[in-house]
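Input: a single structure, listed below in structure tokens.
The values are calculated or read from the model by the stated rules, or taken from the named source; none is laboratory data. Not measured: the values here are computed from a predicted model. Heads up, the Cβs are rebuilt from the backbone with ideal geometry, glycines too, and the neighbour counts pull from every protein chain shown.
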Amino acid sequence: MILIKNGNKFESPFPFIHFDEVLDPAFFSQLKANFPSDIFYKNISAVQGNRRDIGRFSKGFKEFINSNEPWKEFYEFSQSEDFCSLILNQFKNNWNELEKENVKNFKFSNSIIGYESRLKRLKNLVIKNKFCVHALDLLDSREPLSVSFSMGTSGIGYHSPPHIDARHKIIAFLIYFDDNKGGDKLNIFSLAQNEIPQYDENNFALSGLELFKEVVPKPNTGILLWNNCKSIHSVPLIDKELYSQRRFLYMSIASSRRLDCWKR
């Protein structure tokens, strides 16, 4: 299904893998032919200028997945421990950057990210009689991981300035569905010479940057990003109409309790 050996891996400026062909072509064609139609996005509010996502909270998501065999197959695979292991093992040499160095100390959970153990967290807050608890206080011996899954579109007005993803995310995985004739791209950055990583409260980059690589979306291309403190990327402002909507699948492997997974 995922042609993991097709990936071209980069170790610098941070670990990431770029795929010219990420899924089996026949299977990708089925997903593309059955991508959610515009009507699914009609009542979804746009973010970041002009991006809309259909995920597990979205109205009609379960009905769409359960009635669409190719998407159901891929979604169910993405929510499995096998998927997590396949993706995490591509970055095995980087596990020492995580709070838990051995990925075996993580466990897989198919709960929605951010909604596991809410009662346990509330109980801790009550017992400690304070409004914040250090993340390490909430870590069990095995931290639960979950996989987010959203089918997105973007168009004119969409932009995402240089940033790193939230610290509860370990890996981000993007699969593109359209050739937009150069109308948009994903930019990968390196830190300028002698710069150290600095970010504002929203994880937008404050450090000097240099463009390392431009990734132009094309059908069945993809990218895996290891989300360490140097994983700076952006989508420049889309300021003209695209050949078609920029359709993509976004997945992430992350702490289901939204805890910081990275060493300080």
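Look at (1) within 19 Å of the chain's Cα centre (by Cα); (2) closer than 16 Å to Ile170 by Cα and you find that Asn93 fails only one, number (1). Cβ-Cβ contacts under 7 Å between residues 6 or more apart (or on different chains), taken from a first residue in the range 34-52 that is closer than 20 Å to Pro70 by Cα to a second residue that is assigned to a loop (DSSP other than H, G, I, E, B) and polar (S, T, N, Q), are listed as Asn34/Asn68.
For the condition over 19 Å from the mean Cα position of the chain (by Cα), surrounded by 13 or more Cβ atoms within 10 Å (Cβ to Cβ) and either closer than 30 Å to Asp184 by Cα or at pLDDT below 90 (or both), what is the one hit in Ser78, Ser117, Ser109, Ser45? Write out each step before concluding.
On the way: Ser78 fails: over 19 Å from the mean Cα position of the chain (by Cα); Ser109 fails: over 19 Å from the mean Cα position of the chain (by Cα); Ser45 fails: surrounded by 13 or more Cβ atoms within 10 Å (Cβ to Cβ).
On inspection, the qualifying residue turns out to be Ser117.
Just checking, does the range 244-263 include any residue being over 17 Å from the mean Cα position of the chain (by Cα) and within 30 Å of Pro36 (Cα to Cα)? Taking every residue of the range 244-263 in turn, at least one turns out to be over 17 Å from the mean Cα position of the chain (by Cα) and within 30 Å of Pro36 (Cα to Cα).
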